[in-house]
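A.B. asks: One structure is given below, represented as structure tokens, and several questions about it will come after.
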Amino acid sequence: MSNYVNTTSNELANTLQSTSNVISTRISDTDVAMSNYVNTTSNELANTLQSTSNVISERITSLNAGTDAAMSNYVNTTSNELANTLQSTSNVISTRISDLDSGMSNYVNNTSNELGNTLQSTSNTISERITALNADMIADGTSHRFIINDAYDTDLFVHGTLSASNLHIMGDTTTITTSVYNTENLQIVSDAIDGPALLISQSGDGINNLFTAEYNNNELMVIKSSGNVGIGVSDPSTKLQVDGTVTATMFNGEGAQLFNVNLGDRNTSMLVEGSNLYYTAQRVGVIVSSSNVETSNYINNTSNELANTLQSTSNVISTRISDTDVAMSNYINNTSNELANTLQSTSNVISTRISDTDV
């Protein structure tokens, strides 16, 4: 635009200069012609007056001194002729000056019209070019540059507020160096092929939270710089501290450090069955029915153990009787008591197991 206006201004200046030179030349030529005409006319008038004066002088010389009346008439006649000649000459000069003034006036008028037409045409041309002007007709500058084909290929600094309906940023990194970043929604869509989808890196003395989530200015969740997470807790003292009810499908771990766990509202019906069955009154019949074979095997094994014990005891008794009668008698008595106690104990065990099995 600047180049176009500059070029147009130069063309207009050149046209005005040329027109001014033409007018100046024509006025100069007219002044010279006028001066020459007046000089020529003055010379003709002087010559005429000189010639008339000579004629008058000659006539006066040839007159007789005694004819005063003739002299007076002659002088009067000559004076009339001279007056007529001057009048005629004056009329010629006046006519020529009038004709010259009219021509000069017409010339100046025509020149003024030509100049007006030239200025009007130039103004129309400038107006049309400005009307048809667009950025494609203006060359890109060095420091003052345009956005060409929707692209700007160098760094751009905006000193002020930048408002955009949509902002699409392409590149490797986007750095926002502001104290606070406000947005209505933040959605991160990433293939995560070159790093995490969201990385929060904090440094310093760690007095501020690494992450804080709020709703209506109420703090909901925090992640401290220590790594402690608080849900409903502003300053968690452990890795996870929750103020409220936690619902989960599974907790994994031995639970050795669990304490103050409230199971008052729990019962075995809520537990998944394992290799051990939990006792309920409804399950007694099922247990008895399903364990008859096991009970029979248990009694048979116990009977065999009892028979083996009795056989072993009998062998001991026999051996001891053979060694000494007195001692044998006492031994038999003691052994009998032991045997009675053993049988009684074994009988009690069998009775108890059978009773437990029946129940």
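The values are calculated or read from the model by the stated rules, or taken from the named source; none is laboratory data. Keep in mind the model is a prediction, meaning the values are calculated, not measured. In this analysis, Cβ positions are derived from the backbone assuming ideal geometry, glycine residues included, and neighbour counts consider all displayed protein chains.
Residues are listed down the side, and each one gets a yes or a no for (1) under 25 Å from the mean Cα position of the chain (by Cα); (2) in contact (Cβ under 8 Å) with a residue 60 or more places away in the chain; (3) part of a loop (DSSP other than H, G, I, E, B):
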site	(1), (2), (3)
S190	yes, no, yes
S234	no, no, yes
Q241	no, no, no
T245	no, no, yes
T249	no, no, yes
F259	no, no, yes
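A.B. asks: Taking region 121-172, which residues are closer than 30 Å to E184 by Cβ and either surrounded by 10 or more Cβ atoms within 10 Å (Cβ to Cβ) or in contact with a Pro (Cβ under 8 Å, 6 or more places away or on another chain) (or both)? Give the derivation first.
C.D. replies: Taking region 121-172 and keeping what is closer than 30 Å to E184 by Cβ, we get 147, 150-152, 155-172.
Answer for region 121-172, where residues must be closer than 30 Å to E184 by Cβ and either surrounded by 10 or more Cβ atoms within 10 Å (Cβ to Cβ) or in contact with a Pro (Cβ under 8 Å, 6 or more places away or on another chain) (or both): I147, Y152.
Here is a yes/no grid of residues against (1) assigned to a loop (DSSP other than H, G, I, E, B); (2) modelled with pLDDT under 75; (3) more than 30 Å from M250 (Cβ to Cβ):
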{"position": "Y279", "(1), (2), (3)": "yes, yes, no"}
{"position": "T313", "(1), (2), (3)": "no, no, yes"}
{"position": "S329", "(1), (2), (3)": "no, yes, yes"}
{"position": "Q344", "(1), (2), (3)": "no, no, yes"}
